[in-house]
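Asks: Below you will find the structure I want to go over with you.
The values are calculated or read from the model by the stated rules, or taken from the named source; none is laboratory data. Bear in mind the structure is a predicted one, so any value in this text is a computation, not a measurement. As a convention, Cβ positions derive from the backbone with ideal geometry for all residues, glycine included, and neighbour counts pool all protein chains shown. SASA here: full protein model, heavy atoms, side chains in, ligands and nucleic acids out. Shrake-Rupley method; radii C 1.70, N 1.55, O 1.52, S 1.80 Å.
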Amino acid sequence: MGYIQLLGTGGTIASRGSGDAGSVATDAAADLARDVYGELRVSTRDVLRTNSFRLTLGDLRLIAEAAQEALLDRGTDGVVVTHGTD
């Protein structure tokens, strides 16, 4: 059985309509992984919950560090970083 770590960072994939405010990144990583099937174990971690246009260089560094940390776990077969299209 494979082990995947899913790192949520916000963006379009995690966004939902918020009336007059437009779309806002609200969904957690666990929400995005809910429909994963098969012989995979998936753990989730919310690194950020930020819209794409608000990402800073510091945020990108935080994402890179989270991915590196996940890869250091010898039991991990893969890391998925979710975000959007902006």
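Asks: Filter segment 23-51 for residues that are at pLDDT below 85 and in contact with a helix residue (DSSP H, G or I) (Cβ under 7 Å, 6 or more places away or on another chain); which is nearest to TYR3 (Cα to Cα)?
Replies: By that ranking, first place goes to LEU32.
Asks: Could you check segment 44-73 and list, in sequence order, the residues that are in a helix (DSSP H, G or I) and of a type outside the set (A, V, I, L, M)?
Replies: SER52, PHE53, ARG54, GLY58, ASP59, ARG61, GLU65, GLN68, GLU69
Asks: Cβ-Cβ under 8 Å, sequence separation 6+ or interchain: first residue in segment 56-79 and free of Cβ contacts under 8 Å to residues at least 60 places away in the same chain, partner open to solvent by 60 Å² or more (accessible area, probe 1.4 Å) and of a type outside the set (Val, Ile, Thr). Which pairs?
Replies: Here the result reads ALA66/ARG45, each pair linking segment 56-79 to a residue that is open to solvent by 60 Å² or more (accessible area, probe 1.4 Å) and of a type outside the set (Val, Ile, Thr).
Asks: Within segment 3-16, can you find the residues that are assigned to a strand (DSSP E or B) and either surrounded by 24 or more Cβ atoms within 10 Å (Cβ to Cβ) or modelled with pLDDT of 85 or more (or both)?
Replies: TYR3, ILE4, GLN5, LEU6, LEU7, GLY8, THR9, GLY10
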